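Right, one structure below, let's go through it.
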Amino acid sequence: MEYAIEVQGLTKRYPGFTLDNVSFSVPSGSIVGFIGENGAGKSTTIKAILDLIHRDQGEIRLLGKKDGAAFPEIKEQIGVVFEESYFPDNLKIADVNGIMKRIFQNWESEKFFSYCHRFELPDKKSVKEFSRGMKMKLSIAVALSHQTRLLIFDEATSGLDPVVRNEILDIFQEFIQEEEHTVFLSSHITSDIERISDYILLIHRGRVLLFENKDTLLYEYGIVRCTPEQAARLEPSQIIGTRSSQFETEVLVRNAGRLREREDLVLDRATLEEILLFTVKDGKGEERE
């Protein structure tokens with residue numbers, strides 16, 4: 001299997017926080033959803049991948065090349081969108097095209113204007129007149145318009161309305177129709193991640209807790225709704241986390257298939273949001289490759 005991103009033993013230390021021995025590999029031709037609570041280490045990981053910060057330990061390969069972000073020919077093939085747009089306010093779409101044409105050797109003006117038209121971006125207005133959603137669409141149009149093979153998004157859909165988010169997710173799915181194309185998507189909107197991702201990467205307090213095929217993950221995990229007494233009789237190794245109310249106890253379990261035949265228990269499908277909340281709340285989970 002070929003990998004678009006390979007991270008091995010990545011460590012970055014800050015006062016009060018450590019990105020601790022993070023390892024994972026992103027298969028080419030896939031969408032990987034990168035989730036975790038605020039401060040878990042998502043942005044630090046992405047900055048290290050892009051060589052925007054110095055890492056203390058570890059090895060990173062991008063598109064098959066060690067320390068790929070340091071090489072212009074690899075940078076040319078990576079599109080990056082951050083949470084904020086960094087285009088100067090006075091620019092118009094034609095100005096952005098002119099600047100990008102001088103930055104990227106493989107810049108595709110026709111494709112850029114096609115995306116701008118599709119996104120209904122006004123060509124007569126400057127960036128300062130754009131809404132947040134329009135600025136994000138402009139960033140995505142740029143990211144897709146230089147023969148890009150790898151798209152990296154750091155909370156790029158946060159704060160956008162559902163209609164705009166849905167439109168952007170459709171673009172991601174179109175993008176990976178070509179097998180060489182890959183999307184690495186960091187977001188706290190788990191419903192978006194659950195909808196389009198092939199794999200889920202969960203980080204908590206600087207450590208990878210799981211990296212799993214999404215369909216396998218959602219099949220293996222379930223929510224048991226039961227009494228406290230029934231919860232106490234569940235096999236401890238299956239339990240990821242629990243939460244209780246005055247009416248019932250909810251238990252997130254792995255290997256849920258082993259409980260599906262139990263008539264004394266109510267077992268529901270676990271959403272990605274529930275898996276994240278239970279795992280983070282209890283601080284449990286095992287690092288998985």
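Would you check if ILE74 is outside any strand (DSSP E or B) and farther than 27 Å from LYS281 by Cα?
yes
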State whether one or more residues within the stretch 247-254 are open to solvent by less than 50 Å² (accessible area, probe 1.4 Å), at pLDDT below 90, of a type outside the set (Lys, Arg) and farther than 20 Å from ILE189 by Cα. no
Scan the stretch 42-51 residue by residue and report those that are open to solvent by 20 Å² or more (accessible area, probe 1.4 Å), touching a residue at least 24 places away in the same chain (Cβ under 8 Å) and either closer than 23 Å to LEU169 by Cα or part of a loop (DSSP other than H, G, I, E, B) (or both). SER43, LEU50
Scan of the stretch 185-229 for residues that are touching a helix residue (DSSP H, G or I) at 6+ places or on another chain (Cβ under 9 Å) and charged (D, E, K, R), ordered by number: ASP192, GLU194, ARG195, ASP198, ARG205, GLU212, LYS214, GLU220
PHE130 meets each of (1) farther than 30 Å from LEU201 by Cα; (2) crowded, with 18+ Cβ neighbours inside 10 Å; (3) touching a His at 6+ places or on another chain (Cβ under 7 Å) with one exception, condition (3)
Counted residues in the stretch 149-192 being loosely packed, with under 15 Cβ neighbours inside 10 Å and assigned to a helix (DSSP H, G or I) come to 7
Scan of the stretch 164-204 for residues that are free of Cβ contacts under 8 Å to residues at least 24 places away in the same chain and under 24 Å from GLU37 (Cα atoms), ordered by number: ASN166
Only one of (1) surrounded by fewer than 18 Cβ atoms within 10 Å (Cβ to Cβ); (2) in a helix (DSSP H, G or I); (3) not polar (S, T, N, Q) does not apply to HIS54, and that is (2)
Identity of the residue in the stretch 1-41, touching a residue at least 60 places away in the same chain (Cβ under 8 Å) and of a type in the set (Phe, Trp, Tyr), that ends up most open to solvent (accessible area, probe 1.4 Å): TYR3
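State which residue is farthest from ARG165 (Cα to Cα) when the search covers only the stretch 77-94 and only residues that are outside any loop (DSSP other than H, G, I, E, B) and either open to solvent by 40 Å² or more (accessible area, probe 1.4 Å) or in contact with an Asp or Glu (Cβ under 9 Å, 6 or more places away or on another chain) (or both).
Going through the stretch 77-94, the residues outside any loop (DSSP other than H, G, I, E, B) turn out to be 78-81, 93-94.
Add one more test, that the residue is either open to solvent by 40 Å² or more (accessible area, probe 1.4 Å) or in contact with an Asp or Glu (Cβ under 9 Å, 6 or more places away or on another chain) (or both), and what stays is 80-81, 93-94.
On the way: VAL80: 17, VAL81: 14, ILE93: 21, ALA94: 25 Å.
Filtering the stretch 77-94 for residues that are outside any loop (DSSP other than H, G, I, E, B) and either open to solvent by 40 Å² or more (accessible area, probe 1.4 Å) or in contact with an Asp or Glu (Cβ under 9 Å, 6 or more places away or on another chain) (or both), the one farthest from ARG165 (Cα to Cα) comes out as ALA94.
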Given (1) surrounded by fewer than 18 Cβ atoms within 10 Å (Cβ to Cβ); (2) in a helix (DSSP H, G or I); (3) free of Cβ contacts under 8 Å to residues at least 24 places away in the same chain, where does ASN97 come up short, assuming only one miss? (1)
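I'm checking my understanding of the structure. Among residues of the stretch 260-276 that are of a type in the set (A, V, I, L, M, F, W, C) and surrounded by 17 or more Cβ atoms within 10 Å (Cβ to Cβ), which one is farthest from TYR219 (Cα to Cα)?
Here is the first cut: in the stretch 260-276, the residues of a type in the set (A, V, I, L, M, F, W, C) are 265-267, 270, 272, 275-276.
The next check asks that each one be surrounded by 17 or more Cβ atoms within 10 Å (Cβ to Cβ); those that pass are 265, 267, 270, 272, 275-276.
Values: LEU265: 17, LEU267: 12, ALA270: 8, LEU272: 11, ILE275: 12, LEU276: 15 Å.
Among those that are of a type in the set (A, V, I, L, M, F, W, C) and surrounded by 17 or more Cβ atoms within 10 Å (Cβ to Cβ), it is LEU265.
The values are calculated or read from the model by the stated rules, or taken from the named source; none is laboratory data. Computed from a prediction, not measured in an experiment: that's the story for all the values here. Ideal geometry is used to build each Cβ from the backbone, glycine not excepted, and the neighbour counts take in all protein chains shown. Note: areas computed on protein heavy atoms with side chains; ligands, DNA, RNA excluded. Shrake-Rupley method; radii C 1.70, N 1.55, O 1.52, S 1.80 Å.
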